[in-house]
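Okay, so here's the structure we're looking at.
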Amino acid sequence: MMRLFILLFLVVLTACSGAVFRGAVANHKPVRISGNVREVVNENLQQYKGLLEAAATKDSKVLVFPEFGLYSDTKNRTALSIVAEQIGAKGGLPCDDFSLHQQLQSPIIYQMSCAAKETKVAALVNMIDYVKCNNEDDKKCPDDGFYLYNTDIGLSSSGEFQAKYHKSHEYFGLKPQFNVPETPDYEIWTLENV
């Protein structure tokens, strides 16, 4: 039986308002089975939803998920491309705004947006951004015709897609399968109503 673990931290904001809120950091044992990479992601998404529900019962306002917690194989670029999503620009409410086609093409962002909305817990989720390219327009385009970015996204407690960050300083062992942005991303995510 898979166990779900959650570590809670009291985060104190020393802003003018002196607001205090509870944040949580997820520590879970991801499903790491061989076989269908989509099944692995779906199993781990179910765990993520359970962790958001657990965080909500502890009155957490935000939950930070681990890097690569959704994936079983981070060394195989082809396998990663199967579960990577074309994340696009931040903004909107994926849970409400996505068509059925978009839900099927972007199950992670769609399901996590709905889970954040249902639990009223903001979520920082690590996933893989798939960006198509071609060598005619982009001389740095990889030979396989796409970029894969190790990406963090921020979803508000209402499920809104508010932040997106492509990691630019990858651990050496991850460099062959992931691309890094030419210019590093900088993202500030401001949580409101916490």
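Taking the criterion of being exposed (fewer than 15 other Cβ atoms within 10 Å of the Cβ) and at pLDDT 90 or above, would at least one residue in region 92-101 satisfy it?
No, region 92-101 contains no residue that is exposed (fewer than 15 other Cβ atoms within 10 Å of the Cβ) and at pLDDT 90 or above.
One residue stands out in region 69-84 among those that are in a loop (DSSP other than H, G, I, E, B) and open to solvent by 20 Å² or more (accessible area, probe 1.4 Å): the one that is farthest from Y149 (Cα to Cα), namely S72.
Every residue, every condition in (1) assigned to a strand (DSSP E or B); (2) farther than 20 Å from I153 by Cα; (3) at pLDDT below 90, yes or no:
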site	(1), (2), (3)
M2	no, yes, yes
L10	yes, yes, yes
G35	no, yes, yes
L45	no, no, no
Y48	no, no, no
A55	no, no, no
L63	yes, no, no
I87	no, no, no
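Scanning region 103-140 for residues that are without any contact (Cβ under 8 Å) to a residue 60 or more places away in the chain and of a type in the set (G, A, S) yields a count of 2.
R22 falls short of the stated requirement of being in contact (Cβ under 8 Å) with a residue 12 or more places away in the chain and out of contact with any Lys or Arg (no Cβ under 8 Å at 6 or more places or on another chain). Scoring P107 on the criteria (1) over 19 Å from R38 (Cβ atoms); (2) at pLDDT below 90 leaves a single failure, condition (1).
Each row is one residue, and each column tells you yes or no for (1) touching a Ser or Thr at 6+ places or on another chain (Cβ under 6 Å); (2) open to solvent by 10 Å² or more (accessible area, probe 1.4 Å).
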| position | (1), (2) |
| --- | --- |
| I108 | no, no |
| M112 | no, no |
| N126 | no, no |
| D129 | yes, no |
| D137 | no, yes |
| G145 | no, yes |
| N150 | no, no |
| G154 | no, no |
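Restricting attention to region 116-157, the residues that are assigned to a helix (DSSP H, G or I), in contact with a helix residue (DSSP H, G or I) (Cβ under 7 Å, 6 or more places away or on another chain) and either among the charged types (D, E, K, R) or under 23 Å from N76 (Cβ atoms) (or both) total 1. Pairs linking a residue in region 177-189 that is over 15 Å from V131 (Cα atoms) to a residue that is open to solvent by less than 100 Å² (accessible area, probe 1.4 Å) and in a loop (DSSP other than H, G, I, E, B), with Cβ atoms under 6 Å and 6 or more positions apart or on different chains, are P184/S168.
The values are calculated or read from the model by the stated rules, or taken from the named source; none is laboratory data. Remember, it's a predicted structure, so these values are computed and weren't measured experimentally. So basically every Cβ, Gly included, is an ideal-geometry build from the backbone, and we count neighbours across all protein chains shown. The area values use the complete protein model at the heavy-atom level, side chains included, leaving out ligands, DNA and RNA. Shrake-Rupley method; radii C 1.70, N 1.55, O 1.52, S 1.80 Å.
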